[in-house]
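Encoded as C-alpha cells, the structure appears first; notes follow it.
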Amino acid sequence: MKRLVSAETSDAGLVVSVHWEDGFAARFHAIWLRDNALDPETRSASNAQRLITLHDIPVNTSLAAASVAGDMLKVEFAPEAKTVEFPSTWLRSNAYDVNAGRARGWMTSRIETWKNGFEVKTITGNHRNVLENTVALRDWLAGVRCYGFAKLTGGPVASGALLDVAGLFGYVRETNYGKWFEVRTEVNPANLAYTGLGLQAHTDNPYRDPVPTLQILYCLENSAAGGDSQVVDGFAAASRLRAEDPHGFELLTRYCARFEYRGAGDVHLVSRKPMIELSPDGELTAIRFNNRSTAAITDVPFDDMSSYYAAYRRLAEIIDDPAMAVSFKLEPGECFIVDNTRVLHGRTGYADSGGSRWLQGCYADKDGLLSTLSVLEEAAMVNVA
C-alpha cells in the first residue's frame, strides 16, 4: 500500500481531502469520520462495535485540524477537541468518494466470472487437507468467494459426511427437507430432483425468503450412466444479457418474479424477488432462476410483459448455452459447494438400471463461510507482519 502524503480541510472544516503517493485521493466528511472513529471511547476494543450513538455526536461537528503523521491521518474534531488517528489502509479500503459512475450490474473485485473451459481443479481441495490445514481451508473458502463454487475430493463415503463439510465454516440450515436430503430416484417424488431426469441449471429454493445462500452436494454412489453435474456462473450469464440487451436486463432487475413450491403436508412456500437482483447502488447481488418453481408472474405491467418474457427467454438460452457450463462427474467421497445466490447447478439425465446415483445435499449460509474466511485471512496477515 502506498503511503499518505497530504491532507487538507475545506468547506469550513466539514471535509478533509487525503492524498496518497500513487496519486489516489479521497474526500471524507467530518461527521462520517467522527461516527467511524477508531478510538476506544467510540469503538469496543474487543469486538469493534460502536459504543456511542449518532445522538452523542455534536450536530455541528467539524475538523479543527488535519495532518499526516507517519502512515496515519490525524484529525482533531471540534467542538469536542477530540483527536483521533485513522490508518492509511483503513481509509483507503473504506473510501466512499470513488464509486460514482459504476454501471448497473457491477461486481466487486473479489469476484471473477467464468464459463466453459474453467479448470475446476484450480478450486478443488482435498478433504483431509482442509480439515487439518488452515491455509488449505482458507484457500478453498477463498475459491468459493471468488468463483461461487468449489469441489472437495477424498472424503469419507459415509451417510451424513456432508455435515462435516458444512462444519468447516458454519452451520447447516435446516429446511422442510430436513438437515440434509437424499438425491436419488424415488417413487412419487416430492421434488423432480429425486428422479433420473436431467435438470436444467437452476438456483435452489427461490421460493424461500431468505433463500439458502450455500448448497453442498455430496456423492455416495455414482455408477449410473450419465448424471454428470453441471454448474453455470449466473453472474456471467446476467452480464452477457446486459451486454446484449440492456433494456431486457433492466426489466429482469426492475420487476419481481414469483416462485412457489407446494410440498407434502403443510408446506407451501412463496416469494417475490427479481430474477436478477441489484443492490440500491447497482451491485449485482443475486440470481434466482428455477423454471420448475416459477409461478405466474403478476408484477410486470401489461406494456412491459412481452419484453420481460423476451428477456426471460434470452436469459434461459444463455444459461442453457453449452459455452457457459462446466461439467464434471462426482466420484464417491467427492462433493461440491455452490453459492446459491450466484451459481446455477444442474445435471444430465441418468438411468437407474445397471448402476446407481446417490447424492446427499444440505444448505448452509454464506455469512458463516465469509466470517470464517475473514478470520483466517486476518490471521495470515498478522503472521506475515
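Amide H to amide H, with H built 1.01 Å from N, residue 183 comes under 5 Å of 359, 360, 361, counting only residues 5 or more places away or on other chains. Rounded to the nearest 20, the size of the Cβ-charge dipole of the range 22-98 about its Cα centre is 100 debye, with Lys and Arg at +1 and Asp and Glu at -1.
Where does the range 193-346 land on the Kirkwood hydrodynamic radius, alpha-carbon pairs, in angstrom? Write out the running numbers ahead of the final one.
Values: mean 1/r = 0.0610 Å⁻¹.
Taking every pair of different Cα atoms in the range 193-346, averaging 1/r and inverting gives 16.4 Å.
Using the Stokes-Einstein relation with a Kirkwood hydrodynamic radius computed over Cα pairs, the translational diffusion coefficient of the range 1-90 at 4 °C and a viscosity of 1.567 mPa s comes to 96 µm²/s. Around the amide H of residue 286, modelled in the peptide plane, lie the amide H atoms of 277, all under 5 Å away and 5 or more residues distant in sequence or on another chain. Here residue 115 is the anchor, and the aspartates and glutamates within straight C-alpha reach of less than 19 Å, apart from those fewer than 8 places off in the same chain, are 228, 233, 244, 317, 320, 321, 339. Taking every protein chain into account, the accessible area of the range 1-142 amounts to 58 square angstrom per residue (probe 1.4 Å).
The Kirkwood hydrodynamic radius of the range 234-294, based on inverse pair distances between different Cα atoms, is 12.6 Å. Between 219, 243, 28, the Cα set farthest toward the positive side of the dipole of the chain (charges on each charged residue's Cβ, about the Cα centre) is that of 219. For the range 246-354, the solvent-accessible area with a 1.4 angstrom probe is 44 square angstrom per residue. Quick one: grab the alpha carbon gyration tensor of the chain, order the square roots of its eigenvalues as a ≥ b ≥ c, and give me rounded if a/c is under 1.5, else prolate or oblate depending on whether a/b is larger than b/c. It is prolate, given that a/c is not under 1.5 and a/b is the larger ratio. The simple Förster model, with R0 at 41 Å and r as the Cβ-Cβ distance, assigns residue 129 and residue 76 a FRET efficiency of 0.20. Restricting attention to the chain, close to 95% of DSSP beta bridges with both partner residues there are antiparallel. Taking 7 Å steps out from each Cα toward its Cβ at residue 174 and residue 41 produces label points 4.8 nm apart.
Given a Förster radius of 25 Å and the C-beta distance between residue 55 and residue 12 as r, what FRET efficiency does 1/(1 + (r/R0)^6) yield to the nearest 0.05? Before the final figure, lay out the partial values.
Values: r = 23 Å, r/R0 = 0.92.
Efficiency, rounded to the nearest 0.05: 0.65.
Remark on the range 110-152: hydrodynamic radius 10.6 angstrom, per the Kirkwood mean of 1/r across alpha carbon pairs. With N as its number of residues, the range 37-161 has a Cα radius of gyration that, divided by 2.2 N^0.38 Å, comes to 1.64. Solvent-accessible area of the chain (1.4 angstrom probe, protein heavy atoms only): carbon and sulfur portion equals 51 percent.
Put a dot 7 Å past the Cα of residue 5, heading toward its Cβ, do the same for residue 98, and the two dots end up 1.6 nm apart. Couplings 3J(HN,Hα) for the range 138-145, derived from phi with the Karplus relation 6.51 cos²θ - 1.76 cosθ + 1.60 (θ = phi - 60°), are 4, 5, 5, 5, 5, x, 5, 4 Hz, where x marks Gly and Pro.
Whose amide H sits under 5 Å from the amide H of residue 65, counting only residues 5 or more places off or on another chain, with H placed in the peptide plane? Placed amide hydrogens put 76 under 5 Å from residue 65.
The values are calculated or read from the model by the stated rules, or taken from the named source; none is laboratory data. Fair warning: this is a prediction, and the values are worked out from it, not measured in the lab. Ideal geometry is used to build each Cβ from the backbone, glycine not excepted, and the neighbour counts take in all protein chains shown. For accessibility, only protein heavy atoms count, side chains too; no ligands or nucleic acids. Shrake-Rupley method; radii C 1.70, N 1.55, O 1.52, S 1.80 Å.
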